[in-house]
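Contents: one structure, followed by commentary.
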Amino acid sequence: MNIIILIASGLLAPHSIDAFQQHRINLPVRTSIQSSLRLSTEDDVQRLLEKARQLREEAATMSGKTLQEVEDEAKQQKLAQERIVEKARKEREQSSTGSRSSMQILPVPDDAKAQNEQAAAAVERAFKDGITRQTVKFALIGQEEAMSGELNEFPGGAKQIYRECGRPLTESLLRELRITPKSSGSSDQITSSATPPTVTAEDIWDFDGSAIISTDAVKALVFPNTDVKYLKDIEALDKKVGPDGLFLLVNPFWRNVESWGFNILAPNGKKRAQEVIFDNGYDVTYAVLRFSVRGEDCVAVKSYPYDWQMYAYREDPSWFNLQVPVYLGKSEEEPTSAQITEILNSKPEFKMSKNMRQMQRMMGNDDQ
């Protein structure tokens, strides 16, 4: 039987639309009477509520708790998360100018949008402190991908990474930045304008997935590597931007100057890299690194001017198939696997491996 829905202003509740979208209910849309709309909407809402109740019962059975206990814990978890989000929002708004540069809390960003907002705040803080040459290292996730999801293997190589992650993330970052060019005549290059700048992209080498992405005030070189061509590009862009302009290197394919090994075709490559890049700054002002340590999914976040902050994801015992980041500590330098392993071994939450925790929950035992 066809279910008839009338979608018109004020007739379909927003929460009902969200419910349909989240559960991918594909229904034909056509004009009908309002009573048919109410009937079909109520039926589908009831089905969704029943499905949610069944999921809660399954979670209660797996954890050895009552349904009421699971529901109470879920409510407490939701309230706690809302308090964290609200506190972070207030921190971002606490400044005389209302800019994002006052943000003090550095939570793990949940998705690409949150990552871009966090990166924009860090870049603006650094630029305000006079740092005009910066490096940004994004976690390479798609626009609809969660930070806690599995690492993408990118079978399409550099082209796919650039198309799905590098370009969208960099363009979104530049739209978030509120930096005006020096030529504008403004005494303050950080503005509070709500209008995003126009962003343009110019591919360099398609097989490298590299490009120059720009606004009137900012230039970003995406995915440069140790080929000497990029040293020439960086040198040219540095001169074009000028000492007061902002120039970003986004996810460069090197760790330090030692990445330039001996190359018979470019015997002075290492020396040139030192002169062009490392003698001119390009410090990391924002980074989100995802990696696995001891079988645990870990994240390290760097946001200027703060130290690196380390997290490991752990299953939330109060909610099915949900992982939450657990704070491990901070580090002045980029964290190493050995450093995080030592911390994990000292944390009671991680005394058992991920597989052991899963087995314990399946048997109805406490995984703490």
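The values are calculated or read from the model by the stated rules, or taken from the named source; none is laboratory data. What you see is a predicted model; the values in this text were computed from it and never measured. All Cβ positions, even for glycine, are placed from backbone atoms using ideal geometry, and neighbour counts span all protein chains on display. Side chains are part of the model used for accessible areas, which takes the heavy atoms of the whole protein and leaves out ligands, DNA and RNA. Shrake-Rupley method; radii C 1.70, N 1.55, O 1.52, S 1.80 Å.
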Original post:
Ranked from the most accessible area to the least, with a 1.4 Å probe and all protein chains present, what is the order of 79, 246, 265?
Top reply: 265, 79, 246
**OP:** Please check which bits of the range 233-252 a label hung off residue 225 would reach, taking the label as a point 7 Å along Cα-to-C-beta and the cut-off as backbone N under 17 Å.
**Re:** 233-234, 250-252
Original post:
Given the pairs 219/240; 232/270; 137/229; 113/330; 229/271, which span a C-alpha to C-alpha distance of over 18 angstrom in this model?
Top reply: 137/229; 113/330
Original post:
Stretch residue 201-residue 113 to full length: gain in nm at 0.36 nm per residue minus the Cα-Cα span?
Top reply: 29.7 nm
**OP:** Pull up the DSSP beta bridges for the range 216-307 and report the antiparallel fraction as a percent, rounded to 5.
**Re:** 60 percent
Original post:
Which FRET efficiency, nearest 0.05, do residue 150 and residue 351 yield, Cβ-Cβ r, R0 22 Å?
Top reply: 0.35
